[in-house]
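The values are calculated or read from the model by the stated rules, or taken from the named source; none is laboratory data. Note that this is a predicted model, so its numbers are computed, not measured. Please note: Cβ atoms are built from the backbone with ideal geometry, for glycine as well, and neighbour counts cover all protein chains shown. Protein only, heavy atoms only, side chains kept; ligands, DNA and RNA dropped before computing areas. Shrake-Rupley method; radii C 1.70, N 1.55, O 1.52, S 1.80 Å.
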Amino acid sequence: MAKTQDAQVSAPNNDPDAIAQRHQYILGASPRLPPLPEDQRSPSQQAVLDEISMVVVDGVRKPREDLDSLEILIRHSKLYCAHLEVSKIYLSEGELCVRDRELAILRIGWLSQAPFEWGSHVVIAKRNGVSAQEIEWIIEGSQASAWGERDAALLRAMEELHFDSMVSDPTWATLERSFSDKELIELLILAGQYKTVAYLQNSLRLRIPSHKQGLDAR
């Protein structure tokens, strides 16, 4: 039986050479699928792309910088839209507060060594009050001595799910003291959702927008 409490020792570290090697492995080659050419898109695929390819920044509607990635993902537009609907719940309608959500996503992103996910959510987390020092502690994980009991349990839950697909009884007991039933369910589904995002971005070798960093984001 897996020993979840000891699993963190196998987690990736902050070594610059290891980060560079991971970036090269994932991002050093072209995406594994090409963007779907316009003349091959069905009307429904084009409609999905039109809907998701724009973003509002400071009240101004502009094209997203990861348009090439979206043009790949619309190859299975129905499934990708369903996948997006889950993320939308977390981003706008979820029970979890933004800080808890981002701590969990970042720990999953780091354990998955997912450059796109990690770099994007470092930006989101810092915009919502997570400090640069806390980003470093997330890399260290639940064992970082600076965490309080609540945050440590949240990160440890992500580690246990990553390594053992199960939250241990001691971790669950700690989480129950701070999170509602709905928040606990959200936390578990969030772990799976953003692990899937890491699978998708890493395995398709999706490009990181030019202004964002990958695993070296802090």
*Mind checking the angle between helix 43-52 and the chain's longest principal axis? C-alpha axes, 0 to 90 degrees, to the nearest 10.*
50 degrees
_To test your reading of the geometry: what angle, between 0 and 90 degrees and rounded to tens, separates the Cα axis of helix 77-88 from the longest principal axis of the chain?_
40 degrees
*asked:* Below 11 angstrom from the Cβ of residue 93, what's the summed charge of the other residues (Lys, Arg +1; Asp, Glu -1)?
replied: -2
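Excluding ligands, DNA and RNA, what is the solvent-accessible area per residue of the chain at a probe of 1.4 Å, expressed in Å²? Before the final figure, lay out each step's value.
On the way: 11510 Å² over 218 residues.
Per residue, the chain has an accessible area of 53 Å².
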*222 nm mean residue ellipticity, helices alone, for the chain (DSSP H n ≥ 4; -39,500 (n - 2.57); rounded to 500)*: -18000 deg cm²/dmol
*Put +1 on the Cβ of every Lys and Arg and -1 on every Asp and Glu Cβ in the chain; which of 147, 44, 202 then has its Cα farthest towards the positive end of the dipole?*
44
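Taking the square root of 5 times each eigenvalue of the Cα gyration tensor, what semi-axes in Å does the equivalent ellipsoid of the chain have, largest first?
Computed over the chain, the values are 31, 20, 17 Å.
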*asked:* For a quick check, take a GNM of the chain with Cα springs below 10 Å and name the residue from 126, 78, 62 with the largest mean-square fluctuation.
replied: 62
*Work through the residues other than residue 128 whose Cβ is under 11 Å from its Cβ and net out their charges, Lys, Arg +1 and Asp, Glu -1.*
+2
*Say we join alpha carbon atoms closer than 10 Å with springs in a Gaussian network model of the chain; which of 158, 166, 54 then has the biggest fluctuation?*
54
_Dmax and Rg, reported as Rg then Dmax, of the stretch 166-218 (C-alpha, Å)_ = 15.7, 43
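Where in the stretch 25-87 are there GluC sites (Glu not before Pro) that are in a DSSP coil and have at most 13 other Cβ atoms within 10 angstrom of their Cβ?
Numbers: sites: 38, 51, 65, 71, 85; in loops: 65.
Loop-located and lightly packed - none at all.
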_With Cα atoms, 0 to 90° folded angle of helix 115-127 axis to the chain main axis_ = 70 degrees
